[in-house]
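Structure record follows, encoded as structure tokens.
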Amino acid sequence: MHSSGEIIRRIRQGDKQEFEKLFRSSYVSLVRYATTFVKDHDASEEIVQDLFFRLWQDRQNLRIETSLNGYLYRSVHNRALHYIEHQKVVSRHAGEIASRSELTTEPVTEAIYYNELQARVARVLERLPERCRAIFRMSRFEGLKYNEIAEKLAVSLKTVEADMGKALREFRKALAE
């Protein structure tokens, strides 16, 4: 087994076997360590793999003043904290986008449905006989009770009930389509 300084020197010179030995000997414990911060095994593996990838990629400029183990654990620690911060930013932006899309698309969608519903109601009202249409409007749009409508139109309560029944059947049929 080589000293930290010797391992670093060999890796700096491009010794793949030394690098692979370092990777194999420390990978599992570094992933476990990262998992204590990020609580996600896959993300922890990604953090450690990225550390080793960058370590190899930048091996010629590798300057480690402390122990190699200390350097690896400190690097994993920093990368895990960076990952957590990044996840917070992603989460915050996702929340903002979701709330913005709720504010912008729902009212538009609701307005479209409301306009469509109004058009259907208007079409059904046009098809109703005149007295039936008047009774429906007084009841639903003006909020009058059946007996008030009967008095206003000088018809019997039964006539108001029958015409309302007819109007409601027409609406149910039209809206079911």
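A short reminder: the numbers here are calculations on the coordinates, not readings from a lab. Keep in mind that what you see is a predicted model, and the values were worked out from it rather than measured. Neighbour counts run over all protein chains shown; Cβ positions are idealised from the backbone, glycine included.
Which value, in debye to the nearest 20, gives the size of the charge dipole of the chain about its Cα centre, when Lys and Arg are +1 and Asp and Glu are -1 at the Cβ?
On the way: 30 positive and 26 negative charges, 29 e Å.
That gives the chain a dipole magnitude of about 140 debye.
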Checklist entry - In nm, to one decimal, how far is the Leu157 label point from the His93 one, both placed 7 Å along Cα→Cβ? => result 6.7 nm
Item to check | Integer Hz, Karplus 6.51/-1.76/1.60 couplings in order for the range 42-59, x for Gly and Pro | outcome: 4, 5, 5, 4, 4, 4, 5, 4, 5, 4, 5, 4, 5, 4, 5, 4, 10, 4
Checklist outcome for this item: Ordered by number, the GluC sites (Glu not before Pro) in the range 106-149 that occupy a DSSP loop and have at most 14 other Cβ atoms within 10 Å are Glu142
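Semi-axes of the equivalent ellipsoid of the range 29-97: what are they in whole Å, largest first, if each equals the square root of 5 times a C-alpha gyration tensor eigenvalue? Kindly include the intermediate steps, with their values, before the conclusion.
Numbers: eigenvalues 131, 36, 21 Å².
Semi-axes from the Cα gyration tensor: 26, 13, 10 Å.
Using 0.36 nm per residue of separation minus the Cα-Cα distance, give me the extension gain between Glu148 and Glu65 in nm, one decimal.
Values: separation 83, 0.36 × 83 = 29.88 nm, distance 9.38 nm.
Extra length available between Glu148 and Glu65 comes to 20.5 nm.
Are there chymotrypsin sites (Phe, Trp or Tyr not before Pro) in the range 119-161 that DSSP marks as loop and that have at most 15 other Cβ atoms within 10 Å, and which are they? Can you show the working numbers first?
On the way: sites: Phe136, Phe141, Tyr146; in loops: Phe141.
Answer in residue order: Phe141.
Fewest first, what order do Leu62, Leu68, Leu30 take by the number of other Cβ atoms within 10 Å?
Numbers: Leu62 14, Leu68 19, Leu30 24.
In increasing order of surrounding Cβ atoms, one gets Leu62, Leu68, Leu30.
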Checklist entry - Evaluated at 37 °C with a viscosity of 0.692 mPa s, what Stokes-Einstein diffusion coefficient in µm²/s does the range 112-177 have when Rh comes from the Kirkwood expression over alpha-carbon pairs? => result 269 µm²/s
Checklist entry - Which value in deg cm²/dmol, rounded to the nearest 500, describes the helix-derived mean residue ellipticity at 222 nm for the chain, given -39,500 (n - 2.57) per DSSP H run of n ≥ 4 and division by the residue count? => result -29000 deg cm²/dmol
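Find the relative contact order for the chain and round it to a whole percent, using C-alpha pairs within less than 8 Å whose residues are 6+ positions apart.
Relative CO of the chain lands at 17 percent.
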